[in-house]
Amino acid sequence: MEAEFPQFREKNSPTLKVGGASSKKFADYTHKTRLYSLDNTYSYEELEKWYEKIRAEFPNRKELEVVCELKIDGLAIALTYENSELTVGATRGDGVTGENITANLRTIKTIPKHLNSEGVSLEARGEIYMPKSAFEQLNRRQTESKLKPFANPRNAAAGSLRQQNPEITAQRELAMFTYAGILNNPSIKTHEQTLLYLKDMGFNLNPNFKKCKNIQEAIEYCKYWDKERYNLDYATDGVVIKINELAIQNELGFTSRAPRWATAFKFPPEEMSTTLLDIEINVGRTGAVTPVAVLEPVFISGSTVSRATLHNFDEIKRLDINIGDRVLIKKAAEIIPKVITVMKKGNRDCGAFEPPERCPFCGSRLVPAEGEVNLYCPNTLGCPAQLKGRIEYWASNDCMDIEGLGGSIVAQLVDKGMVKSPADLYTLGVADFLTLDLFAQKSAQNLFNSIQASKNPELSRFINALGIRHVGKEMSEILAKKFGSFEKLKNATEAEILDIEGAGEKIALSVLDFFKNSYNNEVLQKLEANSVVPKEMNREEEKDTFSGLTFVITGTLSKPRDSFEKVIKQHGGKTSSSVSKKTSYVLLGEAPGSKFDKAKELGVKIINEKEFNDLLGEQ
Ligand code: IVH
């Protein structure tokens with residue numbers, strides 16, 4: 001998912017440690033002083049509030065100076081110098097422990113190996129980044145050598161830093177902007193002085209930092225760079241605003257994760273225009289059909305975007321979008337890129353875009369979903385686009401509970417064409433499993449055994465495993481209880497399903513549609529032929545334990561109130577929201593309201609949850 005949507009990737013994502021085993025590639029390094037994170041602000045109002053709150057703590061100061069710096073979108077590192085020599089360079093890691101990557105960092109030209117003054121010990125911190133121009137060149141080389149291109153400059157920088165061979169790091173054009181120092185130098189009183197001292201020592205500063213008298217000046221800085229950021233040769237995703245005076249920084253201190261004396265103003269999401277090359281149809285795990293915009297690749301908010309969501313077919317109509325149009329796309333920090341509007345219509349040679357009638361993956365006629373704008377592919381068990389997700393769901397704990405049949409094995413089985421529906425699982429032998437990657441004789445045998453052992457599941461699990469739309473675990477249990485056998489559920493009428501407490505038209509239609517679909521039926525037959533048969537269960541008799549009784553529920557119980565209401569109704573009782581003389585029982589939970597007093601006043605019987613369950617159990 002990170003590869004497709006790099007904007008979701010956390011700075012500390014384990015995937016940046018390139019492969020599980022490779023996290024052992026570098027020695028751990030425990031930082032002498034923790035590397036904190038930063039709190040974020042997303043609007044100028046928030047930024048002002050942050051500043052005002054600090055200012056209120058220092059009433060004798062009218063204004064507090066701040067230093068504004070660009071927030072560089074790279075990787076944080078810490079460099080230790082002893083007696084003016086670079087001794088250790090380490091990644092941030094989790095802020096407490098990082099990895100010792102000194103040999104690789106030494107290859108970076110903007111990192112001084114010796115300081116400009118003798119006998120100095122300090123720690124410098126900053127961001128390693130890859131210039132956009134270098135990133136583009138590197139990706140060109142990657143593509144030429146048939147290697148996978150990097151998603152964005154940050155990933156490219158991370159990959160380059162984690163090389164076993166420093167010579168490869170040296171070939172990548174990496175650079176460092178230094179933004180902080182731990183100096184132990186009492187003559188330095190401000191952050192600005194720290195930066196200038198670091199510069200004197202030979203560190204590379206980002207030239208765009210600025211000391212501001214107050215927050216208004218800082219806001220002007222943010223506004224300026226929000227527009228100018230596109231003209232820089234490195235990626236920046238905001239501005240870091242730091243209180244300048246170190247004495248005030250010390251007084252403010254840190255929260256558990258970030259300094260109180262600094263905040264990161266995040267730039268609003270970038271928007272870019274590009275050409276809509278095609279509209280592809282995506283069929284999700286649940287059969288939901290969504291249109292996806294295929295775009296001429298554009299670099300936006302730190303990664304190259306070539307696909308964006310169009311949400312649904314109504315959205316295409318609403319925006320009057322068509323292939324060949326120039327469109328505006330937007331990528332917010334946490335949002336999948338989306339098409340916002342048409343900037344310029346194309347020649348429309350291709351005619352109006354029409355939603356597909358059939359599923360592009362299996363050819364089934366698509367159906368509109370009740371009350372939703374989406375179309376669905378009804379071929380639940382047979383559509384290849386839904387297959388991997390379906391099989392994984394089939395094997396999961398609440399369904400057929402097949403131990404050892406996880407995502408990567410399912411992917412192999414589907415990709416190799418060994419499984420085209422859940423029924424195919426039951427036709428595979430140990431020898432088939434041995435053809436899968438990383439499969440030893442023992443695990444092949446185990447997987448075979450657990451598949452065979454799953455052949456007679458409880459009815460409710462089997463119903464759940466089918467993945468009928470709107471029929472989840474709870475509804476599967478209700479259906480199993482109501483019908484008692486799979487055969488009876490298959491032949492259920494709409495009226496019979498509607499009769500069930502909690503099952504509305506949506507569920508009834510979905511169940512009927514499922515059993516109408518010929519491919520689903522083919523799979524069901526194949527399952528039966530392979531002896532996959534759910535257990536029958538005793539149908540729950542319509543009990544009338546509570547017939548003629550009215551309950552009022554008050555206070556907090558162990559389960560949501562409506563689940564008690566359902567039970568009462570299922571047993572022939574009624575519920576009411578107010579206590580009267582006619583109330584048979586008040587079911588009392590914790591912290592009850594005025595209904596409790598009313599019940600006492602009227603002398604209505606008051607029972608707790610245990611007594612309620614006893615009433616049910618007596619029958
Ligand atoms: S100061 C205690 N200044 O942002 C304050 N951080 O979200 C620590 N970053 O891990 C950070 N540019 O990697 C600071 N000019 C800058 C920065 C900057 C980028 C990164 C840094 C940090 C992350 C926090």
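Going residue by residue through the range 213-234, is there one that turns out to be closer than 30 Å to residue 186 by Cβ and open to solvent by 60 Å² or more (accessible area, probe 1.4 Å)? Yes. Only one entry of 53, 62 meets the criterion of being among the basic types (Lys, Arg) and over 38 Å from the mean Cα position of the chain (by Cα), and that entry is 62.
If residue 522 satisfies all but one of (1) under 30 Å from residue 590 (Cα atoms); (2) surrounded by 13 or more Cβ atoms within 10 Å (Cβ to Cβ); (3) among the acidic types (Asp, Glu); (4) in contact (Cβ under 8 Å) with a residue 24 or more places away in the chain, what's the number of the condition it fails? Only one criterion in (1) under 30 Å from residue 590 (Cα atoms); (2) surrounded by 13 or more Cβ atoms within 10 Å (Cβ to Cβ); (3) among the acidic types (Asp, Glu); (4) in contact (Cβ under 8 Å) with a residue 24 or more places away in the chain is unmet by residue 522, namely (1).
Take the residues in the range 180-192 that are within 16 Å of the ligand (Cβ to nearest atom) and not aliphatic (A, V, I, L, M); name whichever of them is nearest to residue 76 (Cα to Cα).
First, pick out the residues of the range 180-192 that are within 16 Å of the ligand (Cβ to nearest atom): 180-183, 190-192.
Narrowing further to those that are not aliphatic (A, V, I, L, M): 181, 190-192.
Details: 181: 13, 190: 22, 191: 18, 192: 20 Å.
Per the criteria, the residue is 181.
Filtering the range 230-266 to residues that are more than 28 Å from the chain's Cα centre (by Cα) and near the ligand (Cβ under 9 Å from one of its atoms) leaves 242, 254, 261. Residues that are buried (at least 19 other Cβ atoms within 10 Å of the Cβ), hydrophobic (A, V, I, L, M, F, W, C) and assigned to a loop (DSSP other than H, G, I, E, B) within the range 387-427 comprise 399, 400, 402, 405, 419, listed in sequence order.
None of 246, 276 is touching a residue at least 40 places away in the same chain (Cβ under 8 Å), open to solvent by less than 50 Å² (accessible area, probe 1.4 Å) and within 30 Å of residue 388 (Cα to Cα) except 276.
Filtered by the rule that a residue be outside any strand (DSSP E or B), within 16 Å of the ligand (Cβ to nearest atom) and surrounded by fewer than 18 Cβ atoms within 10 Å (Cβ to Cβ), the range 39-64 gives 39, 42, 46.
Residues that are open to solvent by 20 Å² or more (accessible area, probe 1.4 Å), of a type outside the set (Val, Ile, Thr) and either modelled with pLDDT of 90 or more or more than 30 Å from residue 484 (Cβ to Cβ) (or both) do occur in the range 563-577. Name the single residue, out of those in the range 429-471 being acidic (Asp, Glu) and either touching a helix residue (DSSP H, G or I) at 6+ places or on another chain (Cβ under 7 Å) or open to solvent by 70 Å² or more (accessible area, probe 1.4 Å) (or both), that is nearest to residue 524 (Cα to Cα). Selected residue: 458.
With the condition being open to solvent by less than 10 Å² (accessible area, probe 1.4 Å) and within 15 Å of the ligand (Cβ to nearest atom), I'd like the strands (runs of 3 or more DSSP E) fully within the range 65-129 carrying at least 2 qualifying residues. Talk me through it step by step, then tell me what you get.
On the way: elements: 66-72, 75-82, 85-91, 97-99, 122-129.
Of the strands (runs of 3 or more DSSP E) lying wholly inside the range 65-129, those with at least 2 residues that are open to solvent by less than 10 Å² (accessible area, probe 1.4 Å) and within 15 Å of the ligand (Cβ to nearest atom) span 66-72, 75-82, 85-91, 122-129.
Residues in the range 405-463 that are over 29 Å from the mean Cα position of the chain (by Cα) and among the basic types (Lys, Arg): 442, 455.
Applying the selection to the range 362-386, what residues are under 26 Å from the mean Cα position of the chain (by Cα), closer than 24 Å to residue 424 by Cβ and open to solvent by 30 Å² or more (accessible area, probe 1.4 Å)? Correct list: 384, 385.
Within the range 307-356, if we keep just the residues that are open to solvent by 30 Å² or more (accessible area, probe 1.4 Å) and in a helix (DSSP H, G or I), the residue that is nearest to residue 374 (Cα to Cα) turns out to be 314. Cβ-Cβ contacts under 6 Å between residues 6 or more apart (or on different chains), taken from a first residue in the range 209-230 that is modelled with pLDDT under 95 to a second residue that is of a type in the set (Val, Ile, Thr), are listed as 229/236. Here residue 218 qualifies as within 16 Å of the ligand (Cβ to nearest atom), in a helix (DSSP H, G or I) and of a type outside the set (Asp, Glu).
Tell me whether the range 217-233 contains one or more residues that are among the aliphatic types (A, V, I, L, M) and closer than 22 Å to residue 78 by Cβ.
Taking the range 217-233 as the starting set, the residues that turn out to be among the aliphatic types (A, V, I, L, M) are 218-219, 232.
Filter once more, so that each one left must be closer than 22 Å to residue 78 by Cβ: none.
Within the range 217-233 (the criterion being among the aliphatic types (A, V, I, L, M) and closer than 22 Å to residue 78 by Cβ), the answer is no, since none of the residues qualifies.
Applying the criterion of being of a type in the set (S, T, N, Q) and open to solvent by less than 40 Å² (accessible area, probe 1.4 Å) to the residues of the range 472-495, the residue that is nearest to the chain's Cα centre (by Cα) is 476.
The values are calculated or read from the model by the stated rules, or taken from the named source; none is laboratory data. These numbers come from a predicted model, not from an experiment. Cβ atoms come from the backbone with ideal geometry, glycine included; neighbour counts cover every protein chain shown. Please note that ligands, DNA and RNA were not included when accessible areas were found on the heavy atoms of the full protein model with its side chains. Shrake-Rupley method; radii C 1.70, N 1.55, O 1.52, S 1.80 Å.
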